[in-house]
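The values are calculated or read from the model by the stated rules, or taken from the named source; none is laboratory data. What you see is a predicted model, and the numbers here were worked out from it, not measured in a lab. Using ideal geometry, Cβ is built from the backbone for each residue, glycine included, and neighbour counts are taken over all protein chains shown. In case anyone asks, the SASA skips ligands and DNA or RNA and just uses the protein heavy atoms, side chains included. Shrake-Rupley method; radii C 1.70, N 1.55, O 1.52, S 1.80 Å.
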Amino acid sequence: MLKLARYLKPFALMAVCVVILTLLQSLAELALPSLMADIVDKGIAKGDTDLIWRTGGLMLAAALGGALCSIVSGYLSARVSTGYGKTLRHEVFSHVESLSIHEFDTVGTSSLITRTTNDINHVQMVTLMMLRIVVSAPMMFAGGIILAVSKDPKLSLMLIGTLPVLAGSIWFVSTKGMPLFKALQEKLDKLNLVLREGLTGIRVIRAFNRVDYETGRFDEANRDLTQTAVKVNRIMATLWPVMMLTLNFTTIAIIWFGSHRIDAGNLEVGGLMAFIQYAMQILMSLLMVSSIFVMLPRASASAERINEVLTKLPEQIEPGSPGAKSPCHGYLEFQDVTFTYPGAEEPAVSGVSFRANPGETTAIIGGTGSGKSTLVSLIPRFYEIDSGCILIDETDTRDMPLTSLRNMVGVVPQKAVLFTGTVAENIRYGKADATDQEIEKALETAQAIDFVIKMEGGVNAFIAQGGKNLSGGQKQRMSIARALVRKPRIYVFDDSFSALDYRTGARLQAALKKETEDATVLVVTQRAATAMNADRIIVLDKGTVAGYGIHRELLKTCEIYREIVSSQLSEEEIA
């Protein structure tokens, strides 16, 4: 919690106002019992009407002033807590966006959703309560004790036996609840994970008739969360009965012993009434603190989870001095590059060296799991390489700012990802200020203009979440158009033609040849027909380069390439 306090700085002035108003409210509440005692003991007993009116007026003014302070401080504390939650969500989201793919995967999507929503809500709620209660409760507690002792020191000894019981109850609940609250948030992560998989994979679940199995998985995760929540709530539920029982017995004891002191002439009726009010204020302040301690363990567990994200340092470090910006030509070179996924026993890519020049198309082909997609994902630094270097125009990509590097590269991922919005908005992900003419040109080159103009609204047609209202081939062509509108110097097509029929694929590649004639193009493919038309072909096998050259050379020199080609093409097509 303390580590997250730095995000409260923008609201410091407002928080100070809340503290001052809460203190004024507490002073008003502490003054009321003494004023009431004066009316009972002096005004009514002596028939002093002026004293009653005068003191009653002071009581009314104190009550109205306290109510006004309560309303304003409540409003301001709500503004502080909600603003704090907004700032915290922004910081978490921004920080997550700066993490590498590996760091993102270690936390998990479902857990990040929970931390950004549920966990921050808990911290936000406890912030609201702390602004009001943590300020007023100590004030009411200390002020109540001082004023109670001033009324009757001997009767104040009644409170000595009460305080240890209340403090012990709070301590017991806090120590027992803290580990359970952390487990509760982790089980909520698990429930979100199962729910997310069930919703996003609904087509696969129904296709394989696994609805009952997924329902069972959800019920198991839900039951596990429920059992932990019930256990936590049982512990927390013991606090309030103990507190109220202690409070009521204390009141009975005060009235019992106070009546004897009144009978002995050591205490007046108004003094006893004031003492009871002060005792209630003391005990209620402890009740207020207990409510904080009910929420604090959960908020503390949530704060730790938020801190885990915010303190995670990005693996990708921006260069200290990027140097002068020079025009990008697109010369790409891998020099003995090796990369290993964290936790893997063997490198995914090992000792890869090649050069790709502007105006040329380099195809990367190989079997499943040979490292093709991994290789091209190293260019925009989605992952950091273990050794070697990747150069663009003779400059190491690790010496380039990530923004500049990724502006040079247009990536079409293996899995086409579209966002909720219009066709134009999705294309403008590649270039924010793209004109309508540029968007239409990119769609035309990507062979997507035909189906887009048939959609209701054309380029302003609505795209559902994940592009669910488009086919696989349409989504791939939209992704290609998004990269084309950017006009980068290096194009990376990661198996981006797999969902296209041969006719559409041939037309698309012919159009791309004209559009990218001055750029460096890398095409990851499993189709021999696509690779054989490239200027250079890289054959990967188990993360290493098994062959490098043109189609005819590799047919003679590379056994793996020959096997791939012969399994897909006839003798006439190979010739």
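A few remarks follow.
- Residues satisfying the stated conditions in the range 157-173, i.e. in contact (Cβ under 8 Å) with a residue 12 or more places away in the chain and in contact with a Phe, Trp or Tyr (Cβ under 9 Å, 6 or more places away or on another chain): Met158, Thr162, Ile170, Val173
- Selection over the range 139-191 of residues that are polar (S, T, N, Q), open to solvent by 60 Å² or more (accessible area, probe 1.4 Å) and closer than 21 Å to Glu268 by Cβ gives a count of 1.
- Residue tally, condition open to solvent by less than 40 Å² (accessible area, probe 1.4 Å), under 16 Å from Leu443 (Cα atoms) and part of a loop (DSSP other than H, G, I, E, B), over the range 461-487: 3
- Residues of the range 396-427 classified as open to solvent by 50 Å² or more (accessible area, probe 1.4 Å) and either more than 23 Å from Ala363 (Cα to Cα) or part of a loop (DSSP other than H, G, I, E, B) (or both), total: 9
- Filtered residues of the range 524-557 (kept if over 17 Å from Ser353 (Cβ atoms) and open to solvent by less than 10 Å² (accessible area, probe 1.4 Å)): Val524, Thr525, Ala528, Ala531
- Contact map, the range 115-142: residues that are at negative phi paired with residues that are of a type in the set (Ser, Thr, Tyr) and open to solvent by 50 Å² or more (accessible area, probe 1.4 Å), Cβ distance under 7 Å, separation 6+ or inter-chain. Pairs shown: Gln124/Thr82.
- Residue in the range 146-154 that is in a helix (DSSP H, G or I) and under 22 Å from the mean Cα position of the chain (by Cα) present: no
- The condition of being at pLDDT below 90, within 31 Å of the chain's Cα centre (by Cα) and among the small types (Gly, Ala, Ser) holds for only one of Gly473, Gly458, Gly467, that being Gly467.
- Long-range neighbours under 9 Å by Cβ, at least six apart or interchain, first residue under 20 Å from Asp105 (Cα atoms) and open to solvent by less than 20 Å² (accessible area, probe 1.4 Å) within the range 362-385, second part of a loop (DSSP other than H, G, I, E, B) and among the basic types (Lys, Arg): Gly371/Lys542
- Contacts under 7 angstrom Cβ, first residue in the range 237-250 being within 16 Å of Leu159 (Cβ to Cβ), partner surrounded by 12 or more Cβ atoms within 10 Å (Cβ to Cβ) and of a type outside the set (A, V, I, L, M), 6 or more apart: Met243/Ser169; Met243/Ser290; Thr246/Thr162; Thr250/Thr162
- Residue check, Ile276 assigned to a helix (DSSP H, G or I), over 23 Å from Val123 (Cβ atoms), among the β-branched types (Val, Ile, Thr) and open to solvent by 60 Å² or more (accessible area, probe 1.4 Å): no
- Qualifying positions in the range 497-513 - open to solvent by 80 Å² or more (accessible area, probe 1.4 Å) and aromatic (Phe, Trp, Tyr): Tyr502
- Among residues of the range 153-184, those that are among the small types (Gly, Ala, Ser) and closer than 18 Å to Ile282 by Cα, counted: 5
- Residue pairs meeting the criteria (Cβ under 8 Å; at least 6 apart or on separate chains; first open to solvent by less than 50 Å² (accessible area, probe 1.4 Å), in the range 1-29; second of a type in the set (Lys, Arg)): Phe11/Arg79; Val18/Arg132; Thr22/Arg132
- Residue ID - modelled with the highest pLDDT, chosen from residues in the range 197-213 that are among the charged types (D, E, K, R) and part of a helix (DSSP H, G or I): Asp212
- Qualifying residue in the range 71-91 (condition: open to solvent by less than 50 Å² (accessible area, probe 1.4 Å), more than 15 Å from Phe11 (Cα to Cα) and not hydroxyl-bearing (Ser, Thr, Tyr)): no
- Condition broken by Ala529, with the remaining ones in (1) under 26 Å from Gly421 (Cα atoms); (2) touching a Gly at 6+ places or on another chain (Cβ under 9 Å) satisfied: (1)
- Considering only residues in the range 255-267 that are surrounded by fewer than 18 Cβ atoms within 10 Å (Cβ to Cβ) and not in a helix (DSSP H, G or I), the one that is nearest to the chain's Cα centre (by Cα) turns out to be Asn266.
- Contacts under 6 angstrom Cβ, first residue in the range 542-557 being part of a helix (DSSP H, G or I), partner open to solvent by less than 100 Å² (accessible area, probe 1.4 Å) and among the charged types (D, E, K, R), 6 or more apart: Leu555/Arg562
- Tally of residues being surrounded by fewer than 20 Cβ atoms within 10 Å (Cβ to Cβ) and either closer than 15 Å to Gly473 by Cα or at pLDDT below 90 (or both) across the range 441-452: 4
- Put simply, of Val194, Val135 the only residue that is assigned to a helix (DSSP H, G or I), more than 20 Å from Val294 (Cα to Cα) and open to solvent by less than 50 Å² (accessible area, probe 1.4 Å) is Val194.
- Matching residues in the range 352-393 - criterion: being under 12 Å from Asp541 (Cα atoms) and part of a strand (DSSP E or B): Val352, Ile364, Ile365, Gly366
- Any hit, the range 285-299, residues being modelled with pLDDT of 80 or more and open to solvent by 30 Å² or more (accessible area, probe 1.4 Å): no
- Residue match in the range 100-123 (condition: under 30 Å from Leu247 (Cβ atoms) and not polar (S, T, N, Q)): yes
- Residue check for Leu239: open to solvent by less than 60 Å² (accessible area, probe 1.4 Å) and in contact with a helix residue (DSSP H, G or I) (Cβ under 8 Å, 6 or more places away or on another chain): yes
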